[in-house]
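S.K.: Can you read through this structure? Questions will come right after.
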Amino acid sequence: MRSTPGSANSAGFDVVIVGAGIAGLQMLYRVRELGLTVRAFEAGSDVGGTWYWNGYPGARCDVESLEYSYQFSEELQQEWEWTERFATQPEILRYLNHVADRFDLRRDIQFNTRVEALTYDEDAGRWTVRTAAGDETTARFAVMATGCLSSANVPAFAGLDTFAGEIYHTGRWPHHDVDFTGKRVGVIGTGSSGIQSIPVVAEQAAELYVFQRTAAYSLPAGNHPLDPAEQAAIKADYAGFRARNNRMPSAGNSRFPANPASIFDATPDEREAAFDFRWARGGPGLLGTYGDIMVNKDANDIAAEYVREKIRQIVKDPELAARLSPEQVLGCKRICLDTNYYETFNRPNVHLVDVAAAPIERLTPTGIRTRAGEYELDAVIFATGFDAMTGALLSIDIRGRADLTLREKWSAGPRTYLGLGVPGFPNLFTISGPGSPSVLTNMMVSIHQHVNWIGECIQYLRDNEIVSIEATLEAEQAWVIHVNEVADTTLYPQCNSWYLGANIPGKTRVFMPLVGFPAYLDKCAEVAANGYEGFDLTRDRRLASCD
Ligand code: N01
């Protein structure tokens, strides 16, 4: 089977990719390298995924630019010049557009096309892909590049449709200028998206009301223009830099690793100095000041109190500082990085509304009503996050062997082998799926690793005339236990985070990502080296050739 790339193909494709964000673009490039026919489907009108949808004011990456980039092309990583330590959303989107153009990827992407269903035909050994427009095609392999944080969570507030003003979600930001100058704006949510947008919106808005349910820990990003000499030094040995990052638990930050020592071996003065150093440097490094902060509650309490003291120093009104001070375990909800977040609450036009004490009751035609009062607003921004890790996958009607749906299979929480494969769903791969390190790492690196693993796997199947690969139930069961055991050695499961699915009403609470990148990297390599141990491989000469 061969087709003109990108052309309609009644015989279908070798590979279908769902999504044209960071993962989809790299997968497309990799599949082309294998000489296979491919079609990517993308719901948006252009490439970029997360960086296409999250164009809210202040949107910026919390991974350093020199690490948050593709490594599949040495030329690309040498050519591209980042301008800031942490890139803005427009800069990353420009980069992804550059990648799409440079490697001529768009011709195999069908935009404005939402995939609605994927159904496995056991006799043909192929996936049928149906779009929301009702079009169908088939493919031997399906690769889900649907993103971990792509299914926007809009709480079902009463009266949502009655609000007469503007409504936005940070993860569905419109692709036109939005100007809040002179307006009364409400932001619901104080996770990363709220914390990044609030300081920027506060500068435009006449009045800004921040509806906070849980105070979040935020560390100063310490963003600055990139020093060309620093960039050149990394580029002089980019491969070495990538290799060192691969050996870090978060697949990054090798230039500033965590200190493995215990906080209890340091004096109070030494701790203070160590925290001060990391706070001043900016970025997420404060969590790594000592090796036990993320595994020992007493150690964590000391670090958390350091951050609360910083909040008290920054926010002038002590009562307001107290309301902005988080109490949960530091870092067990994803740590936020900010530029002037706490400082923003010193502005006279910014008001903190406690919706834990007095929850939002409804939206009205003119604003938001909480149990404590009514707030007149011209615009409401939902910074309410995502149905993480499973939301995008389960929004598609995925049916595997014997009509088993992924929704049924995952009704008590996601179950995978390596976060890459699911028993009952042959030849379907999930890039950065639940059970892989994904969101606990630099996503660029995790995606790179998955794309290469999947590419090599498909190559292996072709070389060995294997028509289908499917994770075994035994491997899945052992893997789910492993992921939970690793999580339980840390403090991560101890608060109501989206890592656990706790932000979505009714979602089963399961800790979804795997903690620790290097061991995972080694495990995936070992599985491949052992002929895809833990997967059933089916040979069928009739179906073996893709040609
Ligand atoms: O979403 P969140 P996010 N009533 O889920 C509140 C990545 N990211 O979009 O904590 C009132 O963290 C909710 O309150 P609570 C990053 O991985 C990265 O901000 O559930 N409030 C919370 O305050 C990040 O972790 C970057 O009590 C409600 C907020 O909404 C992930 O995306 C930038 C509510 C949601 O916070 C998600 O971040 C942005 C309700 N009914 C995002 N429902 C960077 O790279 C929810 N909330 C920097």
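The values are calculated or read from the model by the stated rules, or taken from the named source; none is laboratory data. From a predicted model like this one, the values you see are computed outputs, not experimental measurements. In this analysis, Cβ positions are derived from the backbone assuming ideal geometry, glycine residues included, and neighbour counts consider all displayed protein chains. The protein model used for the area step is the full one, side chains on, heavy atoms only, and it has no ligands, DNA or RNA in it. Shrake-Rupley method; radii C 1.70, N 1.55, O 1.52, S 1.80 Å.
S.K.: For the condition of a type in the set (V, I, T) and either within 15 Å of the ligand (Cβ to nearest atom) or farther than 30 Å from T538 by Cβ (or both), what is the one hit in V486, V510, V480?
M.R.: Among V486, V510, V480, only V486 is of a type in the set (V, I, T) and either within 15 Å of the ligand (Cβ to nearest atom) or farther than 30 Å from T538 by Cβ (or both).
S.K.: How many of the residues making up the stretch 118-150 are at positive phi and touching a helix residue (DSSP H, G or I) at 6+ places or on another chain (Cβ under 7 Å)?
M.R.: Quick first cut of the stretch 118-150, residues at positive phi only: 125, 134, 147.
Subset that is touching a helix residue (DSSP H, G or I) at 6+ places or on another chain (Cβ under 7 Å): 125, 147.
Within the stretch 118-150, residues that are at positive phi and touching a helix residue (DSSP H, G or I) at 6+ places or on another chain (Cβ under 7 Å) number 2.
S.K.: Using beta carbons and a limit of 6 Å, which pairs, at least six apart or on different chains, have the first residue in the stretch 474-500 and within 11 Å of G435 (Cα to Cα) and the second one open to solvent by 70 Å² or more (accessible area, probe 1.4 Å)?
M.R.: Taking only residues 6 or more apart or on different chains, the pairs are E476/R415; V480/R415.
S.K.: Turning to a different aspect of this structure: Considering only the stretch 126-161, state which residues are among the charged types (D, E, K, R) and open to solvent by 30 Å² or more (accessible area, probe 1.4 Å).
M.R.: If we filter the stretch 126-161 for residues that are among the charged types (D, E, K, R), which is where we start, we get 126, 130, 135-136, 140, 161.
Scanning the stretch 126-161 gives R126, R130, D135, E136, D161.
S.K.: Cβ contacts < 8 Å: first residue more than 16 Å from the ligand (Cβ to nearest atom), restricted to the stretch 437-457; second residue of a type in the set (K, R) and part of a helix (DSSP H, G or I), any location; separation 6+ or different chain. Result?
M.R.: Taking only residues 6 or more apart or on different chains, the pairs are V451/R30; N452/R30; I454/R30; G455/R30.
S.K.: In addition: State whether one or more residues within the stretch 481-491 are within 29 Å of D14 (Cβ to Cβ) and open to solvent by less than 10 Å² (accessible area, probe 1.4 Å).
M.R.: Residues of the stretch 481-491 within 29 Å of D14 (Cβ to Cβ): none.
Scanning the stretch 481-491, I find no residue that is within 29 Å of D14 (Cβ to Cβ) and open to solvent by less than 10 Å² (accessible area, probe 1.4 Å), so the answer is no.
S.K.: Return the residues of the stretch 63-78 that are of a type in the set (F, W, Y) and under 17 Å from M248 (Cα atoms); say none if nothing qualifies.
M.R.: Narrowing the stretch 63-78 to residues of a type in the set (F, W, Y): 68, 70, 72.
Of everything in the stretch 63-78, just one residue is of a type in the set (F, W, Y) and under 17 Å from M248 (Cα atoms), namely Y68.
S.K.: Just one of G222, G191, G252, G186 is among the small types (G, A, S) and surrounded by fewer than 17 Cβ atoms within 10 Å (Cβ to Cβ); which is it?
M.R.: Matching residue, one of G222, G191, G252, G186: G222.
S.K.: Here's a follow-up. Looking only at residues that are polar (S, T, N, Q) and within 12 Å of H175 (Cβ to Cβ) in the stretch 42-65, which one is farthest from the ligand (Cβ to nearest atom)? Step through it out loud before you land on a result.
M.R.: The initial filter retains those residues of the stretch 42-65 that are polar (S, T, N, Q), namely 45, 50, 54, 65.
Still in the running and within 12 Å of H175 (Cβ to Cβ): 45, 54.
Working: S45: 22, N54: 7 Å.
Restricting to residues being polar (S, T, N, Q) and within 12 Å of H175 (Cβ to Cβ), the top hit is S45.
S.K.: Test of understanding: among G413, G331, which residue is within 25 Å of the chain's Cα centre (by Cα) and closer than 28 Å to L208 by Cβ? Please lay out each step first, then the result.
M.R.: On the way: G413 fails: closer than 28 Å to L208 by Cβ.
Checking each option against the conditions leaves just G331.
S.K.: Could you list all residues from the stretch 176-203 that are in contact with a Pro (Cβ under 8 Å, 6 or more places away or on another chain), more than 12 Å from the ligand (Cβ to nearest atom) and either within 24 Å of K333 (Cα to Cα) or not in a loop (DSSP other than H, G, I, E, B) (or both)?
M.R.: Answer for the stretch 176-203, where residues must be in contact with a Pro (Cβ under 8 Å, 6 or more places away or on another chain), more than 12 Å from the ligand (Cβ to nearest atom) and either within 24 Å of K333 (Cα to Cα) or not in a loop (DSSP other than H, G, I, E, B) (or both): V200, V201.
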